[in-house]
Amino acid sequence: MIRLKDIAEHVGVSISTVSRVIQNDQTRNVNQETKAKIWEAVKELGYIPNQHARNLVANKQGKNNIRTMKIGWVANPKQAEINPYFANIYTGIRDVLTDHDYNLISITRDELENETLLLKTIHDSGIEGLLLIDKINDSIIEYIQQNIPLVGLDFFYTDKNIAIVDYDREESIKMVVQYLVKQGHRDIGFIGGGVNETFENLYAEHRFKGFQHAMEEAGLVIQSEWVMNTQWKMENSYEKMKTLIKRDPLHMPTAMVCASDLMAIPAMRAVRENKLRIPEDIAFFGVDNIEMGKYSSPQLSTVDIPKYEMGRIAAKTIMEMVEGKIKLPIKIILPFELVLRESSNIKRT
């Protein structure tokens, strides 16, 4: 078992300096370069800071049977509560874990990105596995993986080498475009958001990739002015759609593919406020099949994503990983289906 002395010798500092950094002791200053070296050594050597954490490691090695029955959930608390997509996933997770006597512990991204809190969260809180929705740094993922099982959900983790539960975002949008083309549409726009820290990198997002590929396969040109990166903000979707209409009302798309229902609904409002008709002037198609899409005017066509089932399967997967029944980072891709409603139901001739 790695001790403070081992880290001190590895870095070339005193044991007390290592202890101050790990305990986040502010009474004496330690320069940033030394701190960075100490944290790097902590991760590299696999230091475990307390006896409880050592018990968990011993449990993994078959030396005892101590269990905490705690699973961590890393998500933006506000998003998990008010965004219908994530709320349904959360409900699925909670239902399964509760049925199996596990406790679901909310953990914020800030707790994992602060190195002192990271150690306490992973080693001192007693969590046995972690479910990831909010985006965290790759180096933190690698460190956590060395200690406890991980399961990722949502687009941040689609391409990561960890266990994931997801749906094929690219294929879902390709199917939407193919449907719209069959309906006679040739002038098709896109509303979505990016995937980096500020959601600006639209071109790396899988739904937009699906849109690009489907348009290319159909022999259709993507008009850059009809592509809107809202950075996943509803108000941006509304304002950008309003701007598009006012800028060139005689050169408009006949259909908008939206990467989520929450992006489609405000854009539809902008269209109606400008005396345009849906779907006669502009058709709309969303993704997620959230409840409010049934009550938009007109009702929103969408891609049904099995959100609750994603949560349930993610919970079952993390439990089986914690219990040693799954050893490899499996990837589970769930099916989706188109839900056709009023916002896209007119064929163009």
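Read-outs throughout are calculated quantities, based only on the coordinates presented, and are distinct from any laboratory measurement. These figures come from a predicted structure and were not determined experimentally. All Cβ positions, even for glycine, are placed from backbone atoms using ideal geometry, and neighbour counts span all protein chains on display.
A few notes on this one:
- If only residues of segment 310-349 that are surrounded by 15 or more Cβ atoms within 10 Å (Cβ to Cβ) and of a type in the set (D, E, K, R) are counted, the one that is farthest from residue 269 (Cα to Cα) is 320.
- Search result, residues across segment 302-349 that are in a helix (DSSP H, G or I) and in contact with a His (Cβ under 7 Å, 6 or more places away or on another chain): 319
- Scanning segment 151-193 for residues that are under 20 Å from the mean Cα position of the chain (by Cα) and either among the acidic types (Asp, Glu) or farther than 29 Å from residue 104 by Cα (or both) returns 154, 159, 166, 168, 170, 171, 172, 173, 191, 192, 193.
- Test: residue in segment 265-281 that is without any contact (Cβ under 8 Å) to a residue 24 or more places away in the chain and farther than 20 Å from residue 171 by Cα: yes
- Among the candidates 260, 301, residue that is of a type in the set (Ser, Thr, Tyr) and in contact (Cβ under 8 Å) with a residue 60 or more places away in the chain: 260
- Hey, residue 307 surrounded by 17 or more Cβ atoms within 10 Å (Cβ to Cβ) and within 30 Å of residue 69 (Cα to Cα) or not: yes
- Test for residue 180: is it buried (at least 22 other Cβ atoms within 10 Å of the Cβ), touching a residue at least 24 places away in the same chain (Cβ under 8 Å) and assigned to a strand (DSSP E or B): no
- Residues in segment 219-239 that are out of contact with any helix residue (DSSP H, G or I) (no Cβ under 6 Å at 6 or more places or on another chain), more than 17 Å from residue 285 (Cβ to Cβ) and in a strand (DSSP E or B): there are none.
- Entry remark, segment 267-288: residues being outside any helix (DSSP H, G or I) and more than 18 Å from residue 193 (Cβ to Cβ) number 10 in total.
- Criterion applied to 188, 141, 122 was being under 21 Å from residue 331 (Cα atoms) and either free of Cβ contacts under 8 Å to residues at least 40 places away in the same chain or among the β-branched types (Val, Ile, Thr) (or both), and the one residue passing it is 141.
- A single member of 140, 191 is surrounded by fewer than 19 Cβ atoms within 10 Å (Cβ to Cβ) and outside any loop (DSSP other than H, G, I, E, B), and it is 140.
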